1. Mind listing whichever residues of the range 77-91 are more than 13 Å from the chain's Cα centre (by Cα), over 24 Å from residue 199 (Cβ atoms) and either buried (at least 21 other Cβ atoms within 10 Å of the Cβ) or modelled with pLDDT of 90 or more (or both)?
2. Run down 101, 52, 74 and say which single residue is over 17 Å from the mean Cα position of the chain (by Cα) and either part of a loop (DSSP other than H, G, I, E, B) or modelled with pLDDT of 80 or more (or both).
3. I need the full set of residues from the range 207-220 which are surrounded by fewer than 18 Cβ atoms within 10 Å (Cβ to Cβ), in contact (Cβ under 8 Å) with a residue 12 or more places away in the chain and under 25 Å from residue 99 (Cβ atoms), in order please.
4. Any idea which of 115, 133, 143, 183 is in contact with a helix residue (DSSP H, G or I) (Cβ under 8 Å, 6 or more places away or on another chain) and surrounded by fewer than 20 Cβ atoms within 10 Å (Cβ to Cβ)?
5. Being over 24 Å from residue 89 (Cα atoms) and either modelled with pLDDT under 90 or touching a strand residue (DSSP E or B) at 6+ places or on another chain (Cβ under 6 Å) (or both) is true for just one of 191, 147. Which residue is that?
6. What residue, of 116, 122, is in contact (Cβ under 8 Å) with a residue 60 or more places away in the chain and either outside any strand (DSSP E or B) or closer than 28 Å to residue 194 by Cα (or both)?
7. Criterion first (under 23 Å from residue 210 (Cβ atoms) and modelled with pLDDT under 50) does residue 28 satisfy it?
8. Look through 202, 188, 170 and report the one residue that is outside any loop (DSSP other than H, G, I, E, B), in contact with a helix residue (DSSP H, G or I) (Cβ under 6 Å, 6 or more places away or on another chain), surrounded by 11 or more Cβ atoms within 10 Å (Cβ to Cβ) and touching a residue at least 60 places away in the same chain (Cβ under 8 Å).
């Protein structure tokens with residue numbers, strides 16, 4: 001299964017220590033390198049904290065829905081990604097989703113990223129509001145996140161536009177279901193609207209990072225008292 005640099009690009013937007021720096025190259029959206037063989041989650045010593053402590057007890061802070069487009073220099077086709085991620089108050093990455101579309105291609109792809117340490121089998125599930133869950137398969141893991149994807153259609157996009165929340169379900173190391181919920185407010189506006197200017201996106205990212213760093217400092221100071 002292929003994983004594209006654009007997938008990595010959209011899955012983490014804020015916090016400076018992003019998985020891939022968005023502002024560094026908008027053209028990276030168009031590249032489509034072959035994926036490395038599917039990997040196991042990294043050893044426990046290198047894993048992020050358990051997802052329950054990240055997402056279940058911590059307050060999840062969503063980034064705005066963002067649409068980024070770039071032209072593939074070889075295929076001469078535009079590739080667009082509409083994405084959002086959620087983070088803890090400390091800035092810890094919790095989860096990310098993205099809709100990927102290629103100009104003139106009726107196929108659409110839904111990309112998911114969750115913290116490492118999840119069970120790769122049976123995969124992921126994606127739920128829009130109260131609709132039946134849609135399964136997604138993991139494609140690759142890196143030290144800071146594991147990625148999964150699934151093919152979607154216009155009906156799924158329609159549910160997202162009308163929905164209130166989208167939940168990504170993963171299975172942790174002890175076999176418990178971990179829910180990562182992202183708000184769908186403004187998804188339709190971002191999806192149907194023009195792409196974000198890379199300069200504006202960089203400014204938004206820097207502003208969000210400053211906010212997260214401030215919250216992290218406040219949290220640390222409160223723990224010292």
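1. The one that is more than 13 Å from the chain's Cα centre (by Cα), over 24 Å from residue 199 (Cβ atoms) and either buried (at least 21 other Cβ atoms within 10 Å of the Cβ) or modelled with pLDDT of 90 or more (or both): 88.
2. The match here is 74.
3. Scanning the range 207-220 gives a single hit, 209.
4. 143
5. None of the others qualify; the one that does is 191.
6. 116
7. Against the criterion (under 23 Å from residue 210 (Cβ atoms) and modelled with pLDDT under 50), residue 28 does not qualify.
8. Testing whether each residue is outside any loop (DSSP other than H, G, I, E, B), in contact with a helix residue (DSSP H, G or I) (Cβ under 6 Å, 6 or more places away or on another chain), surrounded by 11 or more Cβ atoms within 10 Å (Cβ to Cβ) and touching a residue at least 60 places away in the same chain (Cβ under 8 Å) leaves just 202.
The values are calculated or read from the model by the stated rules, or taken from the named source; none is laboratory data. Here the structure is a predicted model, which is why all the values come from computation and not from measurement. Glycine also receives a Cβ, built like all others from the backbone with ideal geometry; neighbour counts cover every protein chain displayed.
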